[in-house]
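For reference, the structure discussed in these notes is given below.
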Amino acid sequence: DSGVTQTPKHLITATGQRVTLRCSPRSGDLSVYWYQQSLDQGLQFLIHYYNGEERAKGNILERFSAQQFPDLHSELNLSSLELGDSALYFCASSPWTGRNEQFFGPGTRLTVL
Amino acid sequence: AQTVTQSQPEMSVQEAETVTLSCTYDTSESDYYLFWYKQPPSRQMILVIRQEAYKQQNATENRFSVNFQKAAKSFSLKISDSQLGDAAMYFCAYKVSGGGADGLTFGKGTHLIIQP
């Protein structure tokens with residue numbers, strides 16, 4: 001158990017819908033990273049938040065957004081969902097941006113029908 | 001842009017034997033970190049080992065060790081005394097150092113099969 005929690009474990013929705021994925025980092029970790037794992041694209045970095053502020057964007061679509069709250073939990077919002085958004089979404093936490101180890105949550109499996 | 005290449009989509013090894021998984025990367029940075037992550041069928045991503053580019057000594061964690069060749073941009077993982085529980089996807093990953101905010105760049109993965 002990495003200490004990072006993600007909810008829900010599974011999510012099934014329809015095209016065009018909007019969903020929110022939630023992540024709670026390890027106690028004391030200030031950084032939260034979001035990743036997408038799909039058969040087509042492999043593991044891709046989406047976005048990084050540090051202590052409530054956005055720090056870096058990777059291959060994140062404009063339909064996707066994220067935020068990190070004062071209690072350090074983070075949410076990834078996916079809107080106007082398409083079939084191709086079906087994937088496993090991971091969040092990972094790290095103590096601070098200078099420390100490079102990232103500890104992954106169990107992931108949320110998103111299925112778009 | 002940094003890229004990570006794992007040229008072996010699948011590897012098979014007999015239980016108790018030694019296996020080496022290959023990884024090469026491309027970067028113009030001089031200070032960075034390299035990682036191996038394990039993803040068993042549960043899909044959980046588990047950190048196996050970490051290497052700082054400025055360290056010449058190869059990292060070791062119990063049965064897992066790396067062969068880091070900075071000039072060749074090569075970072076292989078050796079698993080000694082393979083166990084059935086080692087069966088998983090293994091991902092090589094790169095991250096620039098210096099407090100960089102970017103996330104990890106992953107390779108496509110190697111599926112490791114352990115033959116009993």
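Bear in mind these aren't lab numbers, they're just calculated from the coordinates by the rules spelled out. Since this is a predicted model, take the numbers as computed values, not measurements. Note that we place each Cβ from the backbone using ideal geometry, even for glycine, and neighbour counts take in every protein chain shown.
Key figures for this structure:
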quantity	calculated
Ascending count of other beta-carbon atoms within 10 Å, so fewest first, for A:Ser65, A:Ser93, A:Ser24	A:Ser65, A:Ser24, A:Ser93
Ranked list, fewest to most other Cβ atoms within 10 Å of each Cβ, for B:Thr27, B:Thr5	B:Thr5, B:Thr27
Fluctuation leader among B:Ser30, B:Ser80, B:Ser22 - chain B, Gaussian network, Cα springs under 10 angstrom	B:Ser30
Virtual spin-label span in nm between A:Thr7 and A:His73, 7 Å along Cα→Cβ	0.6 nm
Where labels lie 7 Å past Cα in the beta-carbon direction, separation of B:Lys55 and A:Ser80 in nm	4.6 nm
Alpha-carbon centroid distance for the pair segment A:34-60 / segment B:24-75, whole angstrom	20 Å
Cα-Cα pairs of chain A separated by more than 20 Å (percent)	33 percent
Virtual spin-label span in nm between A:Arg63 and B:Ser28, 7 Å along Cα→Cβ	3.4 nm
